[in-house]
Structures are given as C-alpha cells and as structure tokens.
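> Structure below; questions to follow.
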Amino acid sequence: MSFEKCYNLGPSFRAEEGKSKRHLIEYWHIKGEMAWVDREDIMAEVEKLVHDLVVYARENLTELAEQMGTHITTDNVTLPFPRITYPEAIEQLQAGGFDITFGESLSDKEEAYLGRDYDSPFWVVGNPHSIEPFPYCIDRTDERLTMTADLLAPKGFGELCGVAEKITSIDELDGRMVMKNRTPGEHPKYDWVREMREVGFAPHGGFGMGFERV
C-alpha cells in the first residue's frame, strides 16, 4: 500500500482448480498489485503492458521472428481491446452447441470458440463468484459476478492474463470466506488477510500473467 504499485516476477503455486490444461499448478508468473484502483484501471494497465510488449517486439525482434518462421504485427493491438461479459460468453457458447452452464469456468475449446471473430486480444469481463477466490469484489450490479476480467488471445491461444478488484471491507470479506467454506477463525492461515482490513484498507487490485503464455 505504501508503494502503490508493486510487481513480482517469479514462481507461483495455484490454489484453485481449473478445467483448462493450460492452468498449471506451478508456473512462472508476472504479478502486479496496485493501490487506489478499480477494475477499469487495472484492465487499462494490462492493455498498455501488452501493447508495449508487442510494439517492442515489432521494433526489435523482427529478425528473430523470421528465423522462427513467423512475423510480428502491431495491427491487432489497437487500444482499448474488445470486451464481452461472462453472461454474454455463456450465451454465445450455448448457442454454439457447447455443454456449459452459468457458473462454470471456460475450457480451452470454449475460449477458442469465443475468439474466432477476433484478431486482437479481447476481454471476458465478470467471472462468477463460484469460480473466483474469496478476496475478489462482488459486482454490485450483478451479485452473481465478481469484479474480475480475463484477457484472451485470439485464434485459440487462450487466456493471457486475469485481473481482479479486491475487497476492502472486512464484513464483505467475511461473507465471501463463508461462501467459499473458509469460515473466519476456523482457518488461521487466512487471519492475516482479515487483519489487513480490520482498520480500513485502500481500494486495490492486481493482475496475474503467465510468462510462457505471453
């Protein structure tokens, strides 16, 4: 909180299960955390990061790309990136014949189907609270959803990054912990998460991005 913007590049160990074979339990992670932000701020930060990475690659790594039998273009990284909501994604998938219900994670094939009409990265905004960790804010306009978003690459390459706006209120945090079967007081390893919010906490959030995916 004192530095407002922090990042870490290193190994991470996944706590939640995932349907995708791309969600490894252990992986290398780019992790950014920011104070005084909401979901829109975090998404904008990620968009600038991805944009600048592609521009840098286009300007400096063309020869390497040619040696690898590919090419780099900046045509498909115009900001802001397109977005759809999670409920819209479920509707599109069901209309496309996929056996998926509201509240489930998207699989590789489902992500690829959603990306069929995009040449650029695109966002799926507002994952359901059933699949997201307890510290993430609930969307007050639709309490089925969280203040999260996933950035997906087009042409079947799948998720690049996830962002989340995080809970500041200890009462809201306790409610989410109960919802996720982590009743406060019964899981001492989470005590520090509650203690950080006991005397107030700044609006904050962050993103996680896999090295290999990017």
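The values are calculated or read from the model by the stated rules, or taken from the named source; none is laboratory data. Owing to the predicted nature of the structure, the values given are computational and were not obtained by experimental measurement. Note: ideal-geometry Cβ built from the backbone for every residue, glycine included; neighbour counts use all protein chains shown. Note: accessible area is taken over every heavy atom of the protein model, side chains too, but ligands, DNA and RNA are not part of it. Shrake-Rupley method; radii C 1.70, N 1.55, O 1.52, S 1.80 Å.
> So if I take the alpha carbon set of the chain, get Rg, then get Rh from the Kirkwood formula, what is the Rg over Rh ratio?
Working: Rg = 18.2 Å, Rh = 18.5 Å.
Dividing the radius of gyration by the Kirkwood radius yields 0.98.
> Continuing with the same structure: Carbon-plus-sulfur fraction of the accessible area of the chain, 1.4 Å probe, in percent?
On the way: 6540 of 12360 Å².
About 53 percent, which is the carbon plus sulfur part of the accessible surface.
> Could you work out how much longer the chain between ASN181 and THR74 gets when fully extended? Use 0.36 nm per residue separation minus the Cα distance between them, nm to one decimal.
Numbers: separation 107, 0.36 × 107 = 38.52 nm, distance 4.50 nm.
Here the answer is 34.0 nm.
> Can you sort GLU198, GLU111, GLU45 by solvent-accessible area, 1.4 Å probe, largest first?
On the way: GLU198 110, GLU111 15, GLU45 60 Å².
Per-residue accessible area, sorted high to low, gives GLU198, GLU45, GLU111.
> Sequence gap at least 6, Cα distance under 8 Å: using those rules, report the relative contact order of segment 107-178 to the nearest whole percent.
Details: 122 pairs, mean separation 24.4, N = 72.
Once divided by the residue count of segment 107-178, the mean separation gives 34 percent.
> Would you kindly find the accessible area of THR148, with a 1.4 Å probe and non-protein molecules such as ligands, DNA and RNA excluded, rounding to the nearest 10 Å²?
Roughly 0 Å² of THR148 is accessible to a 1.4 Å probe.
> Label points 7 Å out from Cα along the Cβ direction at LYS155 and ARG58: separation in nm?
1.5
> Using +1 on the beta carbon of Lys and Arg, -1 on that of Asp and Glu, and nothing else charged, what's the dipole of segment 99-214 about the Cα centre, debye to 20? Walk me through the intermediate numbers first.
Details: 13 positive and 22 negative charges, 40 e Å.
Here segment 99-214 has a charge dipole of around 200 debye.
> Between helix 86-95 and the chain, what is the angle of the helix's C-alpha long axis to the longest principal axis, kept within 0 to 90° and rounded to the nearest 10?
Result, in degrees: 60.
> Here's something else I'd like to know. In square angstrom, what is the accessible area per residue of the chain with a 1.4 angstrom probe?
Numbers: 12360 Å² over 214 residues.
That works out to 58 Å² for each residue.
> Can you give me the relative contact order of segment 63-170 as a percent, contacts being Cα pairs under 8 Å and 6 or more apart?
It rounds to 24 percent for segment 63-170.
> Against the empirical 2.2 N^0.38 Å scaling, what ratio does the C-alpha Rg of segment 47-169 come to?
Details: Rg = 16.4 Å, N = 123, 2.2 N^0.38 = 13.7 Å.
Ratio of Cα Rg to 2.2 N^0.38 Å: 1.20.
> Percent antiparallel among DSSP beta bridges with both residues in the chain, to the nearest 5?
The answer is about 90 percent antiparallel.
> Would you mind working out the magnitude of the charge dipole of the chain relative to its Cα centre, with +1 at each Lys and Arg C-beta and -1 at each Asp and Glu C-beta, to the nearest 20 Debye?
Charge dipole, the chain, about its Cα centre: 360 debye, nearest 20.
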